[in-house]
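The values are calculated or read from the model by the stated rules, or taken from the named source; none is laboratory data. This structure is a prediction, so every number in the text was calculated from the model and none was measured. Cβ placement follows ideal geometry from the backbone for every residue including glycine, while neighbour counts extend to all protein chains displayed.
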Amino acid sequence: MRNHLLGTLAAATILSPFAAMAETEVHFWHAFGGRLGELVAAQVEDFNASQSDYVVVQSRKGNYSETLNSGIAAFRAGEQPHILMVFEVGTATMMAARGAVRPVHEVMAQSGAAFDQDAYIGAVKGYYTSTKGDMLSLPFNASTPVLWVNRDAMAAAGVDPDTDLSTWQNVDTALTALKAGGEDCPLVTAWQSWIHLENFSAYHDVPFASKDNGFAGLDTELMLNGKAQVAHLNAMGQWAKDGKFIYTGRRNEGGANFRAGDCALFTESSAGYAGIKKEATFDFEVRPLPYWEGVGNSPQNTIIGGASLWVMEGHSEDEYKGAGEFLSFLSSTDVQAAWHQDTGYLPITAEAGNATRAAGFYAANPGTEVAVIQMTTNKPTANSNGLRLGSFDQIRGIIDEELEGIWAGDKTAQEAMDSAKERGDALLRRFESANR
Amino acid sequence: MDQRVTFRGWWLPVLLIAPQVLVSAIFFFYPAGQAIWQSLFIPDPFGLSSRFVGLSNFEFLFSDKFYLASFGTTAIFSILVTLCSMIPALLLAVMADRLIKGSGVYRTMLIWPYAVAPAIAGVLWLFMFNTRVGVVSWYLGHLGYDWNHVLNGGEAMGLVVVASAWGRISYNFLFFFAALQAVPRSVIEAAAIDGARFWKRFWTIVLPLLSPTAFFLLVVNVIYSFFETFGVIHMITSGGPQQSTTVLVYKVYSDGFVGQDLGSSAAQSVILLFVVGLLTIVQFKFVEKRVHY
């Protein structure tokens, strides 16, 4: 038995170089497990089956942070993959790493694969595009926040489920009515900094940080303590005090409350669709994210969250050609449309959205188009392209802490945001000096 | 009377301590040296460039009032974890020592929690106190107490302390129990014949004889609460709400692995190294004087 095993191993070791010579391997590290992991694996299999020159080898490296850390550690050891998935807050870190990454537009130009930058949806690619308009990484999974409504809970509290919730003014009225109608959890949120500060700023066309939200330079400073943001957080702080807004945690803990039917309104990513559809035993509905009437240029467009694919330096030209082919395959209309419909993530090309509409998917699944419309109605401005800030994962942690100060009633919105700016700016200066 | 065996020549003793020296050098001194070296630089995450900045990483840390506050948080956390894991352990050990029947089962049950990894223990306690579905928070709600460690810093601290101390009670119990078994019966019996009651015997005879064990456990538990409680805090609070459970070692992690700020992370490791070294010296200098071997 043992000898047999050793023999097999030896044979495999001897034979593997020949196998590798026939087809060029392209390694792809990602952060998806569960159902999403299966879908990614299926995409890779389809690509491998579609041609015989390249073999993409996919492997999961943990959650977003762990995947980024694995990629960085591997680069330091000279063992980096060809393609690395990096979440949106790691964008500035990757961009600043000249010499570690190869911009996607260069990879595509060299590989000769079909690549038209204009085919990608502006608000989706904008997050990953240089100020010159070149795509640096390929958007992979993108979502944007929307308002989820539990229609049964609204009706139970005596509030018309069809009431207009497009503005926060109307939401305020609805929350008061819900509370008065005996609802214990009128409003809950996921990803508080992403939705109520980052997206809030883009949606109202006010800056989140100077230098075009960091797109125009590393010497950027946070501007999240502006009038519009503070007013919004003041209102939310008051709702928290009155028991109209229930705080459940820094991540998407509130999703469990909403899916169980405990809460009436829920601000969460559009990608929450699959989970809510599967678990909710009540009548639910997707609405556009509310905006404050009379503030900024609202409603502008919301920004995305999710991850993009970065191509790492240090490989052979032939392998880059393979990476380019794979990225081109991922962007193709069929693959994108299927991904969009299976996951609830946004399509990355307009063509994939059109194909989805033509297939009747939006008509059969009401609400799935809300996010797409919210993203594409207006052309993004300098305030709504996205954010490009160093140490942003940590800055979000600081924002979370300060927001908790508001919800607990320990700080006013102005104090909390002034403090967040001061602490965040210190990290931005450190990032600037590390990447000069 | 004192008999000493000395080695003739020097190569045999050197050879005999060589493995220990080698292991210490490779696994302790080399990484510690690396941390000190790295703390003088601001590198970029990918290791493409690195700028020498002298002590400015330390300056940056000591000018950050949140970093300084985390010393206080760490002190409170460590003291609470040490007390909450040692006192119940001693109590349980004393009671187990008096058992005549079924002490084997009782002992085994008490040792079990030690087998649970800190991160798993964290999840376990998190479930019990979950604000929505937690069993304990549900009962507390019925008693009219609104448990919410997501926003209440005191409750969050209490929860991470209990979760960190729980598994540790077993470890401490094991040591206390062994030490209690080693207390000579004759001394206790003599005291009993002289009319000393249980608590009197405990305070004047048993406890002093336990002091070497208690001292050892004090050192080990303080170091545990400084370094190994990371998993529990990561699972339950991630350092929140606000900064109420951000202990020093959690900040090392979040700056290094979340923020990719390796310079600051290295500087914090060096500071931790000194703090723990200092604590251990203090313990040996002052506490050990009161210990009877």
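Kindly indicate whether B:Gly240 is over 18 Å from the mean Cα position of the chain (by Cα) and either within 14 Å of chain A (Cβ to nearest Cβ) or more than 30 Å from B:Glu189 (Cβ to Cβ) (or both).
When the stated conditions are applied, B:Gly240 passes them.
Here's the yes/no breakdown for (1) crowded, with 19+ Cβ neighbours inside 10 Å; (2) in a helix (DSSP H, G or I); (3) away from every other protein chain (no Cβ under 14 Å); (4) of a type in the set (Gly, Ala, Ser):
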site: A:Ile406; (1), (2), (3), (4): yes, yes, no, no
site: A:Ser419; (1), (2), (3), (4): no, yes, no, yes
site: A:Gly424; (1), (2), (3), (4): yes, yes, no, yes
site: A:Phe431; (1), (2), (3), (4): yes, yes, no, no
Task: Conditions (1) modelled with pLDDT of 50 or more; (2) of a type in the set (A, V, I, L, M); (3) surrounded by 10 or more Cβ atoms within 10 Å (Cβ to Cβ): number failed by A:Met21 - done: (3)
- [ ] Select from the stretch A:348-385 the residues that are in the same structural domain as A:Phe115 (by TED's automatic domain parsing), buried (at least 20 other Cβ atoms within 10 Å of the Cβ) and closer than 15 Å to A:Gly126 by Cβ and list them in ascending order.
- [x] A:Ile348, A:Thr349
Task: Positions within the stretch B:1-44 being assigned to a helix (DSSP H, G or I), in contact (Cβ under 8 Å) with a residue 24 or more places away in the chain and of a type in the set (Val, Ile, Thr), in sequence order - done: B:Ile36
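Give me a count of the residues in the stretch A:160-185 that are free of Cβ contacts under 8 Å to residues at least 60 places away in the same chain and β-branched (Val, Ile, Thr).
Total meeting the criteria: 2.
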- [ ] Return yes or no: is B:Ser39 of a type in the set (S, T, N, Q) and within 13 Å of another protein chain (Cβ to nearest Cβ)?
- [x] no
- [ ] Could you please find all residues in the stretch B:263-277 being more than 9 Å from chain A (Cβ to nearest Cβ) and under 21 Å from B:Asp64 (Cβ atoms)?
- [x] B:Ser265, B:Ala266, B:Ala267, B:Gln268, B:Ser269, B:Val270, B:Ile271, B:Leu272, B:Leu273, B:Phe274, B:Val275, B:Val276
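Residues are listed down the side, and each one gets a yes or a no for (1) among the polar types (S, T, N, Q); (2) in contact with a Ser or Thr (Cβ under 7 Å, 6 or more places away or on another chain); (3) closer than 23 Å to B:Phe284 by Cα; (4) away from every other protein chain (no Cβ under 14 Å):
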| site | (1), (2), (3), (4) |
| --- | --- |
| B:Arg168 | no, yes, yes, yes |
| B:Asn172 | yes, yes, yes, yes |
| B:Phe177 | no, no, no, yes |
| B:Pro184 | no, no, no, yes |
| B:Asp194 | no, no, no, yes |
| B:Leu210 | no, no, yes, yes |
| B:Phe215 | no, no, yes, yes |
| B:Glu228 | no, no, yes, yes |
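When you look at A:Glu106, is it more than 12 Å from every other protein chain (Cβ to nearest Cβ), over 20 Å from the mean Cα position of the chain (by Cα), in a loop (DSSP other than H, G, I, E, B) and not hydroxyl-bearing (Ser, Thr, Tyr), yes or no?
Answer is no for this residue.
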TODO: Being among the small types (Gly, Ala, Ser) and in a helix (DSSP H, G or I) is the filter; apply it to the stretch A:408-417 and report the residue that is farthest from the other protein chains (Cβ to nearest Cβ).
DONE: A:Ala413
TODO: Answer yes or no: is there a residue in the stretch A:291-304 that is crowded, with 23+ Cβ neighbours inside 10 Å, among the acidic types (Asp, Glu) and farther than 30 Å from A:Ala74 by Cβ.
DONE: no
- [ ] Enumerate the helices (runs of 4 or more DSSP H) found wholly within the stretch B:78-160, keeping only those where 2 or more residues are under 21 Å from B:Gly231 (Cβ atoms), of a type in the set (Lys, Arg) and at pLDDT below 90.
- [x] none
Task: Failed item, numbered, when A:Tyr247 is tested on (1) touching a Ser or Thr at 6+ places or on another chain (Cβ under 9 Å); (2) closer than 27 Å to A:Met94 by Cα - done: (2)
Open item on the list: I'd like to verify a number: residues in the stretch B:140-152 that are out of contact with any Ser or Thr (no Cβ under 8 Å at 6 or more places or on another chain) and surrounded by 12 or more Cβ atoms within 10 Å (Cβ to Cβ), how many?
Closed with: 4
Task: Qualifying residues in the stretch B:93-139 (those that are free of Cβ contacts under 8 Å to residues at least 40 places away in the same chain and β-branched (Val, Ile, Thr)) - the one surrounded by the fewest Cβ atoms within 10 Å (Cβ to Cβ) - done: B:Ile100
Open item on the list: I want to confirm something. Restricting to the stretch A:319-376 and keeping residues that are of a type in the set (Ser, Thr, Tyr) and out of contact with any Phe, Trp or Tyr (no Cβ under 9 Å at 6 or more places or on another chain), which single residue is nearest to A:Val55 (Cα to Cα)?
Closed with: A:Tyr320
- [ ] Would you mention how many residues in the stretch A:36-81 are charged (D, E, K, R), away from chain B (no Cβ under 14 Å) and not in a loop (DSSP other than H, G, I, E, B)?
- [x] 4
Open item on the list: Going through B:Val270, B:Val222 one at a time, which residue ends up being of a type outside the set (D, E, K, R), over 28 Å from A:Asn435 (Cα atoms) and touching a helix residue (DSSP H, G or I) at 6+ places or on another chain (Cβ under 7 Å)?
Closed with: B:Val222
Open item on the list: Pairs needed: first member in the stretch B:62-89, within 14 Å of chain A (Cβ to nearest Cβ); second member anywhere, aromatic (Phe, Trp, Tyr) and surrounded by 17 or more Cβ atoms within 10 Å (Cβ to Cβ); C-beta distance under 9 Å; at least 6 residues apart or different chains.
Closed with: B:Tyr67/B:Phe60; B:Ser70/B:Tyr250
Open item on the list: Can you tell me how many residues within the stretch B:18-48 are exposed (fewer than 15 other Cβ atoms within 10 Å of the Cβ) and among the polar types (S, T, N, Q)?
Closed with: 3
TODO: Could you tell me which numbered condition A:Asn385 fails, if it satisfies all but one of (1) within 14 Å of chain B (Cβ to nearest Cβ); (2) farther than 30 Å from B:Lys65 by Cα?
DONE: (1)
TODO: Collect the residues in the stretch B:273-293 that are touching a helix residue (DSSP H, G or I) at 6+ places or on another chain (Cβ under 9 Å) and either within 26 Å of A:Gly405 (Cα to Cα) or of a type in the set (Phe, Trp, Tyr) (or both), keeping them in residue-number order.
DONE: B:Phe284, B:Tyr293
TODO: Give the residues of the stretch B:244-261 that are at the interface with chain A (Cβ under 7 Å from one of its Cβ atoms) and surrounded by fewer than 22 Cβ atoms within 10 Å (Cβ to Cβ), sorted by residue number.
DONE: B:Ser254, B:Phe257, B:Val258
